[in-house]
Amino acid sequence: MAALTLIEAAKLYISNGEDVRGAIVQLFGESNNVMRYLPFTDINGNALNYAQEGSLPGVAFRGVNESFTPSTGVINPMVEPLRIAGGEVDVDTFIIDTMGMEARSTHEAMKIKAITQDFQRVFFKGDNASNAAEPDGLQNRLTGDQVISNASGSPVAAAALSLAKLDEAIDAVSNPTHIFMSKALKRRLSAAARSTSVAGNIQMGLDQFGASVMLYNGIPVVAVADASDKDTVLPFSETASVGSPASTYCTSIYVVSLMPGMLTGIQANGGMNVRDLGELDDKPVYRTRVQWYASIALLHSRAAARLCDIVDGDVTA
């Protein structure tokens, strides 16, 4: 299957008569804004092998009867292994006998929602060094020119969001499609939009699903929140990269290019696996096992950028 968002994939499954599978995939896709917009590519095997462009070959001019100096570009071979996300749900037979099988479906839906919420956390904050079972998130993957500091002043210190710095982060990404930030920071951006001297580049528009969305320079601005719609995914709790003492009340913005060949999700061919293990012999419960073999693939060196060192304050030009 080509790279599709989970919502698009759900429609495809349902149109092919796979209603149950389509409903599960749609539940994944609608659980949070990262899952809503992130395209996923089905792969065969347990890892994605790909080549990332390192540097282009040299080019020169030559004179008549002179030769060119040979030059070859650099291709970096990369491997992105699939990770195993999931869990098991036990529902007591008493609940099934008194409330019906619908109660079991409710608990299964809650487990699916929990898995997708954790994947959203991993997408930004995953740390393979701390937990070898999970992939690195964007905070740990992005380095060098793809990390831009919002700090300013003398002495230099973390500061309220500067739109000039946001423009710099956008320029660091090839074909940017989305800007992810916390709900609190998006509110600051909304407030700045009411001041034409600060944020004249903020508009309202429609996303690919026809929903209303804020746009900055034509790019959708997407707020991320947890399962309770609280601001815990990208809170003001990061430590600044500059300053003495460094602020511990910072957040980051992520500018990304969510498309094939750029930044995508990957999953084992077939997607989510929901298995009914039936009633257990040693325990009066019905057990369901949910597993998802998936990860994140940063396929291009300019597929994402992080703007860090942002404190909570009025947006500046």
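The figures follow:
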read-out	value
Estimated vicinal HN-Hα couplings, Hz - the stretch 107-118 in sequence order (Karplus 6.51, -1.76, 1.60; Gly, Pro = x)	5, 5, 5, 5, 5, 4, 5, 5, 4, 5, 5, 5
Residue-wise HN-Hα coupling along the stretch 151-158, computed from phi with Karplus coefficients 6.51, -1.76, 1.60 (Hz; x: Gly, Pro)	4, 7, x, 9, x, 5, 8, 4
Pairs beyond 31 Å (Cα-Cα), from Lys111/Lys165; Lys113/Lys165; Lys111/Lys283; Lys125/Lys186	Lys111/Lys165; Lys113/Lys165
Amide H contacts under 5 Å for Leu38, placed H, 5+ residues apart	none
Under 20 Å from the Cα of Lys183 - aspartates and glutamates, other chains or at least 8 residues apart	Glu30, Asp118, Asp167, Asp207, Asp226, Asp229, Asp231, Glu238, Asp309, Asp312, Asp314
Percentage relative contact order, the stretch 249-300, counting C-alpha pairs under 8 Å, at least six apart	41 percent
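Computed from the coordinates by the stated procedures, all read-outs in this text should not be read as laboratory data. Just so you know, these numbers come straight off a predicted model, no measurement behind them.
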